[in-house]
Amino acid sequence: MLHIEQSPLQDCFIVKPSVFKDERGSFCETFNKRAFKEATGCSIDFVQDNQSTSSYGVLRGLHYQKGKMAQAKLVRVVVGRVLDIVVDLRKDSNSFGKHFSYILDAENQHQLFVPRGFAHGFVVLSEKAVFAYKCDNYYDKASEGGIIYNDATLSLDWHLPKEDLIISEKDRQLPTFKEAIT
């Protein structure tokens with residue numbers, strides 16, 4: 001059973017699966033298309049699953065895909081703990097330019113539904129994290145977009161000291177929010 005809550009951003013949802021535990025371990029249903037549609041009004045068809053492994057301080061983002069290759073994502077943490085941040089880039093949205101952060105971890109198994117038109121990123125707060133996500137569109141390198149993690153307009157709090165952040169050279173070269181939306 002999925003409990004779904006609206007986040008502060010339009011069309012972005014927190015998904016809280018029921019976790020059943022006993023002496024053998026635990027079980028949860030991580031996605032149910034019918035329950036998701038009933039709770040959100042969104043009909044979604046996921047076509048690609050991705051997974052990354054990262055160590056403490058690794059910051060990935062903020063990424064998105066543009067145009068017809070834009071992706072909605074359902075993200076979760078399989079191992080560890082991350083701070084997940086999303087930014088609404090949809091100019092016609094009432095939450096345009098706003099961001100939302102949420103801690104995802106393997107213990108509570110909460111997930112975040114990130115709609116098309118959002119930038120997404122996360123930083124690892126635990127020693128190690130395995131991050132998994134479903135996408136409703138295929139990855140297309142030519143449609144990549146991004147926003148620099150330390151954009152002054154967004155003023156994001158990544159919850160870690162700057163010296164602890166491990167950021168790829170590619171992510172260090174991303175444009176600002178204002179550059180990305182023009």
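For the reader, a short list of remarks on this structure follows.
- Subset of region 1-31 that is touching a helix residue (DSSP H, G or I) at 6+ places or on another chain (Cβ under 9 Å) and surrounded by 13 or more Cβ atoms within 10 Å (Cβ to Cβ) - its residue that is modelled with the lowest pLDDT: L2
- Which listed residue, of D157, D151, is farther than 22 Å from Q51 by Cβ, exposed (fewer than 12 other Cβ atoms within 10 Å of the Cβ) and not small (G, A, S): D157
- Members of region 160-182 found to be without any contact (Cβ under 8 Å) to a residue 40 or more places away in the chain and over 27 Å from D49 (Cβ atoms), listed by number: P161, K162, E163, R172, Q173, P175, T176, K178, E179, T182
- Single residue of region 61-96 satisfying the filter (more than 10 Å from the chain's Cα centre (by Cα), among the basic types (K, R) and surrounded by 14 or more Cβ atoms within 10 Å (Cβ to Cβ)) that is nearest to Y133 (Cα to Cα): R81
- All positions within region 97-123 that are in contact with a helix residue (DSSP H, G or I) (Cβ under 8 Å, 6 or more places away or on another chain), crowded, with 18+ Cβ neighbours inside 10 Å and within 18 Å of N150 (Cα to Cα): A119
- Elements of the type strands (runs of 3 or more DSSP E) sitting completely within region 79-143 and holding at least 2 residues that are β-branched (V, I, T), under 26 Å from H3 (Cβ atoms) and at pLDDT 95 or above: these cover 81-88, 118-124.
- Filter result for S155 (on the phi > 0 side of the Ramachandran plot and either out of contact with any strand residue (DSSP E or B) (no Cβ under 7 Å at 6 or more places or on another chain) or outside any loop (DSSP other than H, G, I, E, B) (or both)): yes
- Those residues of region 38-49 which are loosely packed, with under 13 Cβ neighbours inside 10 Å and either touching a Pro at 6+ places or on another chain (Cβ under 6 Å) or in a strand (DSSP E or B) (or both), in sequence order: D49
- If the condition is being part of a strand (DSSP E or B) and under 20 Å from H159 (Cβ atoms), then region 54-77 contributes S54, S55, V58, L59, R60, G61, L62, H63, V75, R76, V77.
The values are calculated or read from the model by the stated rules, or taken from the named source; none is laboratory data. These numbers were taken from a predicted model, which means no experiment stands behind them. Ideal geometry is used to build each Cβ from the backbone, glycine not excepted, and the neighbour counts take in all protein chains shown.
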